[in-house]
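All remarks here apply to the structure that follows.
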Amino acid sequence: MSAKNNVTIDLRTTDHIKSFGHSMYPILHNGDIIYYKKTPYQKIKLNDIIISQKNNLYVTHRVIYKTSDYIITKGDNNLEIDEPLLPESIIGVVNKVQRGKVTFIPETYYLLQSSIYYQHIHSVIKEMERHTISYVLLKGLPLHLKYHQEHPRKGFFDFDILISPTDRDVLMKILNDLGFKRRYDFLSPTHERLMNKSIEETCMKKFEGFNIAVDIHYEAVFMMTQIGTLNPLYHQSYIDGFTKELFNNTVTFQEHDLKCQLLTDEYLFVYLSLHFFHHNFKSLHRLNLIAALIQSIPRAKRHGFWKSVFSIIHKYRLQGYIYGTFISLEKYLPATSIPQWFLNKIRPGKAQCNYLKNYFLTEHIYEEYNATRAGILLFTHLYILSYNPWYKKILVFLQPAVIFMMVWLVYYYVTTRCKKLLRTFL
C-alpha cells in the first residue's frame with residue numbers, strides 16, 4: 001500500500017499531512033506527520049521525497065528519475081513505479097517528519113542510518129583483517145562515498161564481500177559473534193541438496209530498528225545463485241579465472257577510520273556491469289554508480305581504461321551479458337561518455353543485439369519484479385545471451401537443479417492460481 005491520503009484538505013493552504021501505509025518504511029511510518037516545502041520544479045532532485053496529487057489522492061513517494069518535463073516516483077517498498085508526474089501535480093518536497101514526540105529531517109535520518117551501517121562494516125572488516133581473511137568489498141556504502149563523494153540520500157542496508165570458500169567458517173563465526181544470523185535462502189531441503197556448490201550466503205542483523213545484511217560471495221556472482229553451476233551457458237572455468245583476478249586487482253580505500261579493499265576501476269566497472277545484468281538491468285541507482293565511476297576516470301587515462309575493460313570482457317567472453325549496460329547508459333544517462341570504438345568491439349552477435357533491443361523496448365529500468373519473475377527473466381537472459389551455440393545450451397535443461405526449479409515453478413504457478421480462484425468464490 002502506498003503512503004496515500006484521500007484529498008480531504010487542501011495541501012496548498014497548509015504545510016503538513018498525516019502519512020498512511022508502509023510503502024516508504026522505514027523513513028515514513030504509518031501515522032507520521034509529514035511536513036513539506038513548496039519547491040520549484042527545477043530544484044527537485046533525485047531521491048527527494050515529494051507529495052503529489054492524483055485524482056482524489058495525495059501520494060508521498062521518492063523521486064527516482066527526472067527529466068525537464070516529468071518526474072517518476074516509487075515507494076521504497078513497492079516493486080512497481082508510479083505513473084509519470086507533470087510539474088503541476090507536485091505539491092512539494094518533504095523536509096520534516098514528526099513521529100510521536102520526535103521530529104527529524106530526512107537528511108539527518110539517512111546520515112544516522114548510514115553511520116550505523118558504516119560502523120558495522122568497520123566492525124566486520126576489522127575482525128576479518130585480524131583473522132587475516134583476504135577479501136574484496138564489492139558493493140556498499142564505501143563505493144558510494146568514493147564515486148559520488150557525498151553521503152547517500154536514501155537507505156543503505158547491505159554490503160557485499162568476496163572471500164575464498166576456505167575462509168567461510170571463520171567469517172561465519174565472526175558474524176555470529178557480532179550478532180548476525182545466517183538467512184536460509186533455499187526453497188526446500190531438496191533444493192539445498194541439489195545445489196552443487198555454495199555461491200552466496202546472507203547474514204542479517206537488526207540494530208536500532210535497521211536491518212543490516214552482509215552478502216558473502218565465494219565467486220564473482222552474476223549467474224543463478226539458486227541453481228549453481230551452469231556450464232552449458234557459461235563455463236565455470238571462466239568464473240573461477242575472473243574471481244581470481246578480482247582478488248589480484250584491488251586498491252585500498254580509506255574514509256575516516258575505515259580502511260578497506262576495493263576493486264580497481266577497470267575490474268569494478270566490469271563487476272558492477274555484471275551485477276546490473278544480474279538484476280535484469282534494473283534500478284537507476286546501480287546505473288548511476290557505474291556512470292559516476294566512468295566520470296571519475298581522468299580524461300587523459302580514459303583510453304587506457306577502456307582498453308583494459310575491453311581486455312577483461314573479451315578474455316572472459318562477457319560481451320552478451322554486459323552490452324545491455326551500455327544500452328541503458330545511452331538511454332537513461334546519455335551524458336556518460338563511452339567511445340564508439342569500444343562499443344563496436346564489444347558488440348555481441350546480431351541475434352543477441354536484436355534480443356536486447358526488443359527487451360529494452362518493452363522493459364524499463366525503474367520497475368523491479370518479485371523473486372520468481374526476476375529469476376525467470378534472468379535465466380532467459382543467461383540462456384539467450386550466452387556465447388555457446390544452441391546445441392550446447394540446450395543441455396542446461398538436463399541439470400538436476402534446473403529440473404527442480406522448473407517443477408517448483410509449475411507447482412508455484414498452479415497453487416497461486418488455485419488460491420486466486422478460491423478467493424474469488426469464497
- Any chance Y117 is part of a helix (DSSP H, G or I), within 27 Å of V270 (Cβ to Cβ), of a type outside the set (K, R) and in contact with a Gly (Cβ under 9 Å, 6 or more places away or on another chain): yes
- Message: Can you tell me which residue is surrounded by the most Cβ atoms within 10 Å (Cβ to Cβ) among those in region 55-87 that are of a type in the set (S, T, Y) and within 18 Å of G155 (Cβ to Cβ)?
- Response: T60
- Is at least one residue of region 355-366 within 25 Å of S296 (Cβ to Cβ), buried (at least 18 other Cβ atoms within 10 Å of the Cβ), of a type in the set (A, V, I, L, M, F, W, C) and touching a residue at least 12 places away in the same chain (Cβ under 8 Å)? yes
- Go through region 189-212 and count every residue that is under 19 Å from I133 (Cα atoms) and outside any loop (DSSP other than H, G, I, E, B). 4
- Message: Of the conditions (1) under 16 Å from D158 (Cβ atoms); (2) among the polar types (S, T, N, Q); (3) at pLDDT 95 or above, T250 satisfies every one except a single condition; which number is it?
- Response: (1)
- Here the qualifying pairs (Cβ atoms under 7 Å; residues six or more apart or on different chains; first in region 138-152 and of a type in the set (S, T, Y); second surrounded by fewer than 18 Cβ atoms within 10 Å (Cβ to Cβ)) come out as Y147/A292; Y147/S296
- Task: Give just the number: which of (1) out of contact with any strand residue (DSSP E or B) (no Cβ under 7 Å at 6 or more places or on another chain); (2) farther than 17 Å from D215 by Cβ; (3) modelled with pLDDT under 90; (4) surrounded by 15 or more Cβ atoms within 10 Å (Cβ to Cβ) does H148 not satisfy?
- Result: (3)
- Query: When both residues are 6+ apart or on different chains and their Cβ atoms are under 7 Å apart, which pairs have a first residue that lies in region 214-243 and is more than 27 Å from I125 (Cα to Cα) and open to solvent by less than 10 Å² (accessible area, probe 1.4 Å), and a second that is at pLDDT 90 or above and outside any helix (DSSP H, G or I)?
  - Reply: L233/S386; L233/N388; Y234/S386
- Query: Do we find a residue being closer than 23 Å to Y109 by Cβ and surrounded by fewer than 18 Cβ atoms within 10 Å (Cβ to Cβ) anywhere in region 161-174?
  - Reply: no
- Message: One residue is enough: does region 292-305 have a residue meeting the conditions closer than 22 Å to H235 by Cβ and either part of a loop (DSSP other than H, G, I, E, B) or in contact (Cβ under 8 Å) with a residue 60 or more places away in the chain (or both)?
- Response: no
- Task: Filter region 336-350 down to the residues that are over 22 Å from the mean Cα position of the chain (by Cα) and within 16 Å of A292 (Cβ to Cβ), then identify the one that is modelled with the highest pLDDT.
- Result: I338
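Per-residue answers, yes or no, for (1) more than 20 Å from the chain's Cα centre (by Cα); (2) of a type in the set (S, T, Y); (3) open to solvent by less than 10 Å² (accessible area, probe 1.4 Å); (4) closer than 21 Å to L343 by Cα:
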residue: Q261; (1), (2), (3), (4): yes, no, no, no
residue: H275; (1), (2), (3), (4): no, no, no, yes
residue: G304; (1), (2), (3), (4): yes, no, no, yes
residue: R317; (1), (2), (3), (4): yes, no, no, yes
- Item | One residue from E88, E83, E107 being under 26 Å from the mean Cα position of the chain (by Cα), in a helix (DSSP H, G or I) and either among the charged types (D, E, K, R) or at pLDDT below 85 (or both) | E107
- Task: Just give me the residues in region 225-244 being under 14 Å from E200 (Cα atoms) and of a type in the set (S, T, N, Q), in sequence order.
- Result: T225, Q226, T229, T243
- Message: Suppose we keep only residues that are open to solvent by less than 50 Å² (accessible area, probe 1.4 Å) and touching a Phe, Trp or Tyr at 6+ places or on another chain (Cβ under 8 Å) within region 372-387. Which one would you say is modelled with the lowest pLDDT?
- Response: T372
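The values are calculated or read from the model by the stated rules, or taken from the named source; none is laboratory data. Note that this is a predicted model, so its numbers are computed, not measured. Virtual Cβ from ideal backbone geometry, glycine too; neighbours counted across all protein chains shown. Heavy atoms of the whole protein, side chains included, go into the accessibility calculation; ligands, DNA and RNA do not. Shrake-Rupley method; radii C 1.70, N 1.55, O 1.52, S 1.80 Å.
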